[in-house]
Amino acid sequence: MKQILLVFTGGTIGSTATDGTIKPSSNAPFKLLQLFERQYPDHASIHFDTLQPIQILSENLAPAAWNIIIAAIESIQPNKYDGIIITHGTDTLAYTAAAMSFYFRACAIPILLVSSDYPLDNPKGNGLANFICAVEFIKQHIATGVFVPYRNTGQTMQIHRGSRLVCSLQLSGDFFSVQGKSFMQFDGQYFTSVNAALIESGKSIKQNCDNAAVSHIVTLKPQFSSRILMIKPYPGLDYSHFDLNAVDAVLHDLYHSGTACATAQWGKNHSLLELIKRCREYGITVYLAPAIKSENAYQSTRELIEQGAEMICNMSIEAAYVKLMLAYGSFSDQQQISGFISMDITGEHI
């Protein structure tokens, strides 16, 4: 019999729709297990232990919630289970998946985050299918690490590395891995690789993390810094609005070409170059992401790097943000922070 720890945190999969309002429900976790028993012929071979450390819609989540989830999992000796399933809302799913991926990078069992695009009582929802996929992933011993199974509308179920999942596109409930490179797919019975390079990279990541020198660098605390400022670019962005007094690092999102405004043509307050100069006066490092590492870069990007910005290449903005939070929460030495950021510890790099 497979032993699975089921951690409920709320979200749409833990909610019901009543009088036009979707909100967390104490009955939803039981509903999920009831539906699973009806739809999964071999349900008697699975034993679930359950926890509910928080009950929240994921748009209301703050990083402190990750500490609560981590503490709840660690309190019950997770390695005694064959796997762990965390139910979660979709709005901040990519961020929590990254947080669990980095913190539980050395976990010897699979941890899967399961969400739903509709409440469980809506027949259009994918929550039960995502949950069954997670159970099968554990039952078939597919891999260790943190993963997110998710079936987009009209598509085959995909399994994403938690550190590579990106937020849904606007006005969409679909999920993808960064650059569309998911880990595997599931047809309801079998798991098949969709990117052999990702499978092989997982083996090298484990070897790296088993290395004694590396393990010293990646000794982490369950502490996510609240002093990381993330800024998203848009035409007319005025950097004078940002107060840097309570900031240790800035993560600046980039346009799809790996660029941001580097001209003072429209005023110094609209130039990222001027923000970098101001951050340097405060001793604040400015990181840029996402961008694909390449020999060629736009003039604006070159100017930003020459001014002192550090590029985080080949990583999603969600993973970069969470990794910086964990790095600055765990380390005080800049060399350790830089080493941790540059290291591929859970398949987060493309």
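Data table
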{"read-out": "Count of residues meeting criterion [without any contact (Cβ under 8 Å) to a residue 12 or more places away in the chain and either assigned to a helix (DSSP H, G or I) or within 23 Å of the chain's Cα centre (by Cα) (or both)] in region 27-43", "value": "5"}
{"read-out": "Close pairs from region 271-285: first among the polar types (S, T, N, Q), partner assigned to a loop (DSSP other than H, G, I, E, B), Cβ under 7 Å, at least 6 apart", "value": "S271/C261; S271/A262; S271/T263; S271/A264"}
{"read-out": "Test: residue in region 78-92 that is more than 25 Å from G173 (Cβ to Cβ), in the same structural domain as G127 (by TED's automatic domain parsing) and among the polar types (S, T, N, Q)", "value": "yes"}
{"read-out": "Test: residue in region 290-302 that is touching a residue at least 24 places away in the same chain (Cβ under 8 Å), among the β-branched types (V, I, T) and crowded, with 18+ Cβ neighbours inside 10 Å", "value": "yes"}
{"read-out": "Some residue of region 225-236 being at pLDDT below 95, surrounded by fewer than 20 Cβ atoms within 10 Å (Cβ to Cβ) and not basic (K, R)", "value": "no"}
{"read-out": "Members of region 14-28 found to be surrounded by fewer than 22 Cβ atoms within 10 Å (Cβ to Cβ) and either of a type in the set (S, T, N, Q) or farther than 16 Å from E59 by Cα (or both), listed by number", "value": "T16, A17, T18, D19, G20, T21, S25, S26, N27"}
{"read-out": "Residue under evaluation K221, criteria (1) in a loop (DSSP other than H, G, I, E, B); (2) at pLDDT below 95; (3) in the same structural domain as Y118 (by TED's automatic domain parsing), criterion not met", "value": "(3)"}
{"read-out": "Strands (runs of 3 or more DSSP E) within region 237-350 that include 3 or more residues under 23 Å from R164 (Cβ atoms) and of a type outside the set (A, V, I, L, M)", "value": "none"}
{"read-out": "The listed residue being touching a His at 6+ places or on another chain (Cβ under 7 Å) and more than 20 Å from D117 (Cβ to Cβ), out of E37, E74", "value": "E37"}
{"read-out": "Positions within region 120-144 being assigned to a helix (DSSP H, G or I) and either farther than 11 Å from F191 by Cα or of a type in the set (A, V, I, L, M) (or both), in sequence order", "value": "G127, L128, A129, N130, F131, I132, A134, V135, I138, K139"}
{"read-out": "Odd one out for A64, checked against (1) surrounded by fewer than 19 Cβ atoms within 10 Å (Cβ to Cβ); (2) under 25 Å from K124 (Cβ atoms)", "value": "(2)"}
{"read-out": "Meets criteria (modelled with pLDDT of 95 or more, among the β-branched types (V, I, T) and surrounded by fewer than 22 Cβ atoms within 10 Å (Cβ to Cβ)) for I76", "value": "no"}
{"read-out": "Test: residue in region 251-265 that is out of contact with any helix residue (DSSP H, G or I) (no Cβ under 6 Å at 6 or more places or on another chain), modelled with pLDDT of 95 or more, at positive phi and surrounded by fewer than 16 Cβ atoms within 10 Å (Cβ to Cβ)", "value": "no"}
{"read-out": "Contacts under 9 angstrom Cβ, first residue in region 1-13 being farther than 20 Å from S58 by Cα, partner aromatic (F, W, Y) and part of a strand (DSSP E or B), 6 or more apart", "value": "Q3/F48; I4/F48; L5/F48"}
{"read-out": "Long-range neighbours under 7 Å by Cβ, at least six apart or interchain, first residue in contact (Cβ under 8 Å) with a residue 40 or more places away in the chain and under 20 Å from T12 (Cα atoms) within region 60-72, second part of a helix (DSSP H, G or I) and of a type outside the set (A, V, I, L, M, F, W, C)", "value": "W66/T96"}
{"read-out": "Count - residues of region 144-167 that are within 26 Å of Y103 (Cβ to Cβ) and surrounded by fewer than 18 Cβ atoms within 10 Å (Cβ to Cβ)", "value": "2"}
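The values are calculated or read from the model by the stated rules, or taken from the named source; none is laboratory data. Note that the structure is predicted; figures quoted are calculated from it, not measured. Positions of Cβ are generated from backbone atoms using ideal geometry, with glycine treated the same way; all protein chains shown enter the neighbour counts.
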